[in-house]
Amino acid sequence: MAEMASLWIVRHGESTANVAATAAETSGAELIDLTHRDADVPLSATGEEQARATGRWLAGLPDSQRPDVAVVSPYLRAVRTAELALDGTGIPTSVDERLRDRELGILDGLTGHGVTRRYPEEAQRRTRLGKFYYRPPGGESWTDVALRLRALLGDLRRDHDGGRVLLFGHDALVFLLRYLVEGLTETELMALTREHVIANCSVTGWHADDSGRLVPDVFNDVTHLHRQGATPTREDEVHAEPV
């Protein structure tokens, strides 16, 4: 099977919704104070700083490691992160809707507390089914997102055989790419989601070994932000979805 030489995914920089969600969760509110639909949420000033720092890191990579192509979620926070990070690099970029964030349906805009208060039956159903298979009404399960990512990976392998591909997306996609690329089980994937919070502008990547199989390189790494003098988002400020 065709395979890429390397694959990375960068989570978008800190967004204004990340900031609002942290404030809502901290205060015990049921609703997150959102002023945009999810697809149009912009970066915060810190998020723009993080994206520019990611760009300086990319610019410093040797030619043998720099991405050949970038594929970006259509959501504004990811698009803007890619614009700032790729500015001046000349890396060809395309947008693919399969990299959009997980859709939460009727639970969109609620905190974890808000879900429990307003939709207790959904909170119970989620507990019974488990995070991997639970699909909120009007939204997506993790397996739904995995299905669209599986199709995207197939296209990337076909179209960029031997190439170096950089993705810009969202936190759930980082976890699910590990699940798909590394062949994790549901149990292993869910353990990762309990143990880690995907940081804004973190880098996760794989490279092809001698057999041509993608193997892990780096996970949820923000070393480049520290080295470039940018402010990483504290773990307690990185909003985790309520379901």
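The values are calculated or read from the model by the stated rules, or taken from the named source; none is laboratory data. What you see is a predicted model, and the numbers here were worked out from it, not measured in a lab. All Cβ positions, glycine included, derive from the backbone under ideal geometry; neighbour counts span all protein chains shown. To get the accessible areas, we keep the full protein, side chains included, count just its heavy atoms, and leave off ligands, DNA and RNA. Shrake-Rupley method; radii C 1.70, N 1.55, O 1.52, S 1.80 Å.
Please give the number of the condition GLU121 fails out of (1) at negative phi; (2) touching a residue at least 12 places away in the same chain (Cβ under 8 Å); (3) open to solvent by 10 Å² or more (accessible area, probe 1.4 Å).
It fails just one condition, (2).
Quick check: is even one residue across the range 57-68 surrounded by 19 or more Cβ atoms within 10 Å (Cβ to Cβ) and among the polar types (S, T, N, Q)?
No; the residues of the range 57-68 include none that is surrounded by 19 or more Cβ atoms within 10 Å (Cβ to Cβ) and among the polar types (S, T, N, Q).
List every residue pair whose Cβ atoms lie under 7 Å apart, where the two residues are 6 or more positions apart in sequence or sit on different chains, the first residue falls within the range 71-87 and is more than 18 Å from ALA59 (Cβ to Cβ) and among the basic types (Lys, Arg), and the second residue, located anywhere, is open to solvent by less than 10 Å² (accessible area, probe 1.4 Å) and in a strand (DSSP E or B).
Matching pairs, first to second residue: ARG77/SER15.
When you check LEU76 against the structure, is it farther than 20 Å from GLY205 by Cα, modelled with pLDDT under 95 and surrounded by 14 or more Cβ atoms within 10 Å (Cβ to Cβ), yes or no?
no
Given the options ARG164, ARG148, ARG158, ARG125, name the one that is modelled with pLDDT of 95 or more and farther than 30 Å from ALA208 by Cα.
Just a single option satisfies the conditions, and that option is ARG125.
Can you tell me which residues in the range 37-56 are open to solvent by 30 Å² or more (accessible area, probe 1.4 Å) and either touching a Ser or Thr at 6+ places or on another chain (Cβ under 8 Å) or within 18 Å of LEU7 (Cα to Cα) (or both)?
Passing the criteria: PRO42, THR46, GLU49.
Mind listing whichever residues of the range 175-231 are closer than 22 Å to ASP101 by Cα, more than 14 Å from the chain's Cα centre (by Cα) and assigned to a strand (DSSP E or B)?
TRP206, VAL218
Taking THR127, is it in contact with a Phe, Trp or Tyr (Cβ under 9 Å, 6 or more places away or on another chain) and free of Cβ contacts under 8 Å to residues at least 40 places away in the same chain?
It is true that THR127 is in contact with a Phe, Trp or Tyr (Cβ under 9 Å, 6 or more places away or on another chain) and free of Cβ contacts under 8 Å to residues at least 40 places away in the same chain.
Can you find, within the range 166-203, the residue that is surrounded by the fewest Cβ atoms within 10 Å (Cβ to Cβ) among those that are touching an Asp or Glu at 6+ places or on another chain (Cβ under 7 Å) and not small (Gly, Ala, Ser)?
My answer is VAL197.
When the range 1-13 is examined, which residues are found to be open to solvent by 20 Å² or more (accessible area, probe 1.4 Å) and either at pLDDT 95 or above or out of contact with any strand residue (DSSP E or B) (no Cβ under 7 Å at 6 or more places or on another chain) (or both)?
MET1, ALA2, ALA5, TRP8
Working carefully through the options GLY138, GLY162, find the one that is on the phi > 0 side of the Ramachandran plot, in contact with a helix residue (DSSP H, G or I) (Cβ under 6 Å, 6 or more places away or on another chain) and not polar (S, T, N, Q).
Testing whether each residue is on the phi > 0 side of the Ramachandran plot, in contact with a helix residue (DSSP H, G or I) (Cβ under 6 Å, 6 or more places away or on another chain) and not polar (S, T, N, Q) leaves just GLY138.
Please verify whether ARG157 is closer than 14 Å to ILE9 by Cα, in contact (Cβ under 8 Å) with a residue 60 or more places away in the chain, of a type in the set (D, E, K, R) and out of contact with any helix residue (DSSP H, G or I) (no Cβ under 9 Å at 6 or more places or on another chain), treating the condition exactly as stated.
Criteria not met by ARG157.
Output the residues belonging to the range 94-118 that are crowded, with 18+ Cβ neighbours inside 10 Å, farther than 17 Å from ALA21 by Cβ and out of contact with any Lys or Arg (no Cβ under 9 Å at 6 or more places or on another chain).
Selection gives nothing.
Among all residue pairs at least 6 apart or on different chains, which show Cβ distances below 8 Å where the first residue, located in the range 94-105, is under 20 Å from ASP159 (Cα atoms) and the second is among the charged types (D, E, K, R) and surrounded by fewer than 19 Cβ atoms within 10 Å (Cβ to Cβ)?
Pairs that qualify, where the first residue is under 20 Å from ASP159 (Cα atoms) and the partner is among the charged types (D, E, K, R) and surrounded by fewer than 19 Cβ atoms within 10 Å (Cβ to Cβ), are ARG98/ARG148.
Of the residues in the range 144-160, how many are farther than 17 Å from SER94 by Cα and either acidic (Asp, Glu) or open to solvent by less than 40 Å² (accessible area, probe 1.4 Å) (or both)?
Filtering the range 144-160 for residues farther than 17 Å from SER94 by Cα gives 144-147, 150.
Subset that is either acidic (Asp, Glu) or open to solvent by less than 40 Å² (accessible area, probe 1.4 Å) (or both): 144-146.
So the count comes out to 3.
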